[in-house]
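The values are calculated or read from the model by the stated rules, or taken from the named source; none is laboratory data. Nothing here was measured: the structure is a model prediction, and the numbers come from that model. Cβ atoms come from the backbone with ideal geometry, glycine included; neighbour counts cover every protein chain shown. Ligands, DNA and RNA are stripped out before the accessible areas are found, and what is left, the full protein with its side chains, is counted by its heavy atoms. Shrake-Rupley method; radii C 1.70, N 1.55, O 1.52, S 1.80 Å.
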Amino acid sequence: MSTFLSKEDYRASIKSYRFDQLLADEEYSPEDVMDDAESEAIATVKDALFGYYDVDTIFAATGTNRKKNV
């Protein structure tokens with residue numbers, strides 16, 4: 001299950017109707033869709049920033065400890 005991002009985080013970046021369409025896929029559960037998207041995004045950011053930042057610590061943060069702009 002997504003641990004870094006919440007449904008509200010996705011809604012800030014994608015139109016609600018499109019997000020709902022993605023989650024309505026009968027082949028995959030909403031959790032699987034969000035997990036895949038989150039994993040891919042985190043991997044992309046880690047690849048770009050690992051030499052400059054402690055990306056493991058950044059992406060281990062949850063809840064109010066997580067920076068909204070990451």
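Exactly one of (1) assigned to a helix (DSSP H, G or I); (2) exposed (fewer than 11 other Cβ atoms within 10 Å of the Cβ) is unmet by Y52. Its number?
Every listed condition holds for Y52 apart from (1).
Which members of the stretch 6-17 meet the condition of being of a type in the set (D, E, K, R) and either surrounded by 11 or more Cβ atoms within 10 Å (Cβ to Cβ) or not in a helix (DSSP H, G or I) (or both)? Working first, answer last.
Step one: filter the stretch 6-17 for residues of a type in the set (D, E, K, R), giving 7-9, 11, 15.
Listed by number, the residues that qualify are K7, D9, R11, K15.
Sort through A37, A43, A61 and tell me the only one that's within 11 Å of the chain's Cα centre (by Cα) and touching a residue at least 12 places away in the same chain (Cβ under 8 Å).
Details: A43 fails: touching a residue at least 12 places away in the same chain (Cβ under 8 Å); A61 fails: within 11 Å of the chain's Cα centre (by Cα).
Of the residues listed, the single one that is within 11 Å of the chain's Cα centre (by Cα) and touching a residue at least 12 places away in the same chain (Cβ under 8 Å) is A37.
Here is a yes/no grid of residues against (1) in contact with a strand residue (DSSP E or B) (Cβ under 8 Å, 6 or more places away or on another chain); (2) open to solvent by 60 Å² or more (accessible area, probe 1.4 Å); (3) not hydroxyl-bearing (S, T, Y):
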{"position": "D20", "(1), (2), (3)": "no, yes, yes"}
{"position": "Y28", "(1), (2), (3)": "no, yes, no"}
{"position": "M34", "(1), (2), (3)": "no, no, yes"}
{"position": "I42", "(1), (2), (3)": "no, no, yes"}
{"position": "R66", "(1), (2), (3)": "no, no, yes"}
{"position": "V70", "(1), (2), (3)": "no, yes, yes"}
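Being among the acidic types (D, E) and not in a loop (DSSP other than H, G, I, E, B) is true for just one of E26, E40. Which residue is that?
Numbers: E26 fails: not in a loop (DSSP other than H, G, I, E, B).
One residue alone meets the criteria, E40.
Quick one: what pairs do we get from the stretch 17-33, first residue farther than 13 Å from K7 by Cβ, second in a helix (DSSP H, G or I) and among the β-branched types (V, I, T), C-beta under 9 Å, 6+ apart or different chains?
Listed pairs, sorted by first residue: D25/V33.
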